[in-house]
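Visitor: Below: one structure in structure tokens.
The values are calculated or read from the model by the stated rules, or taken from the named source; none is laboratory data. In this text, all values refer to a predicted model and were calculated from it rather than measured experimentally. Because the Cβ atoms are built from the backbone with ideal geometry, glycine has one as well, and the counts that use them run over all protein chains shown.
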Amino acid sequence: MGYDPSTSSSNAPAYDALHAGDFPITEKEVTIPAGAALTRGAVMGRITANGQFLLSASAAVDGSQTPVAILMQDVAVSGAARVGVVAFSGEFNATKLSFGAGHTAATVEWPLRQVGIFLKAVLGL
């Protein structure tokens, strides 16, 4: 029996074509620093000093310049840091990702592949 959206929970995210294959997705809760406003599909880096995750930007020098995860939910953080869910493995639609300054699907593909995240260009979605 296949997936029937009419029977899914109202808390489940709407289908957005972010997932792009059958490679297992491994998710984990991580800390996202205060002031971040991120959408599902953001390519995340990890700050070496405190272990928090934020949008990976190529010019960063705190460790977050290296893409290591995909954000699995929208996160708006005002005030203190917040917990968010990221994927550390899986196949994802490159056309549905959001990138920090200086990154593109081409620049993040190899670093993400090294941690078990594979990008596909799924067009027409």
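Conditions tested, residue by residue: (1) in a loop (DSSP other than H, G, I, E, B); (2) at pLDDT 95 or above; (3) under 16 Å from residue 109 (Cβ atoms).
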| residue | (1), (2), (3) |
| --- | --- |
| 3 | yes, no, no |
| 6 | no, no, no |
| 11 | yes, no, no |
| 22 | yes, no, no |
| 30 | no, yes, no |
| 34 | yes, no, no |
| 50 | yes, yes, no |
| 63 | yes, yes, no |
| 69 | no, yes, yes |
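Visitor: Can you name every residue in the range 71-125 that is among the β-branched types (Val, Ile, Thr) and assigned to a strand (DSSP E or B)?
Guide: Correct list: 75, 83, 85, 86, 117.
Visitor: Which of the residues that make up the range 15-55 are without any contact (Cβ under 8 Å) to a residue 24 or more places away in the chain and among the aromatic types (Phe, Trp, Tyr)?
Guide: 15
Visitor: So residue 85 ticks every box in (1) within 12 Å of the chain's Cα centre (by Cα); (2) surrounded by 19 or more Cβ atoms within 10 Å (Cβ to Cβ) but one. Which box is left unticked?
Guide: Here residue 85 clears every test but (2).
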